[in-house]
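See structure below.
The values are calculated or read from the model by the stated rules, or taken from the named source; none is laboratory data. Bear in mind that the values here come from a model prediction, so they are computed numbers and not experimental data. Here Cβ is always computed from backbone atoms with ideal geometry, including for glycine, and neighbour counts include all displayed protein chains.
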Amino acid sequence: MKLVQNYLPKCQAAAAQPARAIRWAFFIGCCVMMGTFRATATETRVAEPVISLRILETKTGVRFGLWGKPLSRPAPTLIILASTVEVTLEDAYYRQAGTVLAEQGYLCVSIDLPAHGPQQKSGEPTGLDGWRYRVDHGEDFVGENNRRLAQVLDHLIAAGFTDAARIAICGTSRGGFLALHFAAFDPRVVGVAAIAPVTDLRVLREFQGSGINPLLSALGLTEQAAQLAGRAVWVSIGDRDTRVGTDEAIALVRRVSAAAQAQGLNARAELHVLPEPRGHTTPAGAPEQAAQWINRQLKVTASDVQGVKK
């Protein structure tokens, strides 16, 4: 309408000349029609589905979170581990590859890590100190986490949320540690991507002074090399990560590749050591690289995304 008002004096001036008046009338009519069309188009446009966090619970009482667009059929699923459900799925840093993959039709899933949030037990410290507390008391927190996560997968598959043939897992730091453990534990996981992962708890300052503890040694990821052999494994870590150990991550991937060779399997473990002067953090570009790698493992195509509900 502002455009019409701007040209109205010219229309009035042209009224004395019939030919020019007809042309200006036609112009004004087109402007009005275009304005009406834009308004109609704006009013009838269907809004894109909003990605938001949903907190649910399995029948066995395991709390978990979903982050992704609603789908009309079982979706490729990415499990993401980092901290609590909320921290993991609502923070783009910890969501990592999930930020990209959710837009491509993936369902992102997470659970609370042991000794984090609702999983912190009365009388124990929180976070990694809680892990140390449990190990010192002979508690296999990794096995417990594997069982809870397997129950979530059972629930998602039975409910029709998850495509059982297309499941991947990823994690950052301590989450990468548990993601690699779960991939070794549950054969339904097609591929695992770990970013700056803990691979040996004894490297962490929280576990200094643990002494000889058979459980602590058994929880080292090199002990899972035989189970990870021939599996799709992707690890990215900075070249100066003294917090979790760059050398330990390299040793793990070499051990997995050697185990694959010993079993006569194709080695499918990838290692990316990237320049990262900041030390323990996500190397630049790692989340996007992980998303591309996960897509290749699960072979997700454009037709899979067409099931997104509008």
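Per-structure values
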read-out	value
Among the candidates Arg147, Arg188, residue that is touching a strand residue (DSSP E or B) at 6+ places or on another chain (Cβ under 6 Å) and surrounded by fewer than 19 Cβ atoms within 10 Å (Cβ to Cβ)	Arg188
Sole exception among (1) touching a helix residue (DSSP H, G or I) at 6+ places or on another chain (Cβ under 8 Å); (2) modelled with pLDDT of 95 or more for Asn213, by number	(2)
Close pairs from segment 80-106: first within 18 Å of Thr281 (Cα to Cα), partner among the basic types (Lys, Arg), Cβ under 9 Å, at least 6 apart	Ile80/Arg95; Leu81/Arg174; Ala82/Arg95; Ala82/Arg174; Ser83/Arg174; Thr88/Arg95; Leu89/Arg95
Lone unmet requirement of (1) farther than 30 Å from Ile51 by Cα; (2) small (Gly, Ala, Ser); (3) surrounded by fewer than 19 Cβ atoms within 10 Å (Cβ to Cβ) for Ala260	(3)
Candidates Val109, Val87 - the one that is modelled with pLDDT of 95 or more, under 15 Å from Phe161 (Cα atoms) and surrounded by 16 or more Cβ atoms within 10 Å (Cβ to Cβ)	Val109
From the options Ala226, Ala183, Ala218, residue that is within 30 Å of Lys69 (Cβ to Cβ) and either surrounded by fewer than 19 Cβ atoms within 10 Å (Cβ to Cβ) or in contact (Cβ under 8 Å) with a residue 12 or more places away in the chain (or both)	Ala183
Given (1) under 24 Å from the mean Cα position of the chain (by Cα); (2) not in a helix (DSSP H, G or I), index of the condition Pro287 fails	(2)
Pick from segment 282-294, criterion buried (at least 19 other Cβ atoms within 10 Å of the Cβ) and touching a helix residue (DSSP H, G or I) at 6+ places or on another chain (Cβ under 8 Å), ranking: farthest from Ala97 (Cα to Cα)	Thr282
Scan of segment 90-106 for residues that are out of contact with any Lys or Arg (no Cβ under 9 Å at 6 or more places or on another chain) and of a type outside the set (Ser, Thr, Tyr), ordered by number	Glu90, Asp91, Ala92, Arg95, Gln96, Ala97, Gly98, Val100, Leu101, Gln104
Selection from segment 253-267 of residues that are modelled with pLDDT under 95 and not aliphatic (A, V, I, L, M)	Asn266
Matching residues, segment 237-284, being of a type in the set (Val, Ile, Thr), closer than 18 Å to Gly191 by Cβ and within 22 Å of the chain's Cα centre (by Cα)	Ile237, Val253
Count of residues meeting criterion [part of a helix (DSSP H, G or I) and either among the basic types (Lys, Arg) or under 23 Å from the mean Cα position of the chain (by Cα) (or both)] in segment 181-223	8
Meets criteria (closer than 22 Å to Asp140 by Cβ, touching a helix residue (DSSP H, G or I) at 6+ places or on another chain (Cβ under 8 Å), outside any helix (DSSP H, G or I) and not basic (Lys, Arg)) for Val244	yes
Number of the exception - Ala258 against (1) assigned to a helix (DSSP H, G or I); (2) touching a Leu at 6+ places or on another chain (Cβ under 6 Å)	(2)
Count of residues meeting criterion [acidic (Asp, Glu) and either under 20 Å from Ile195 (Cα atoms) or assigned to a strand (DSSP E or B) (or both)] in segment 144-170	1
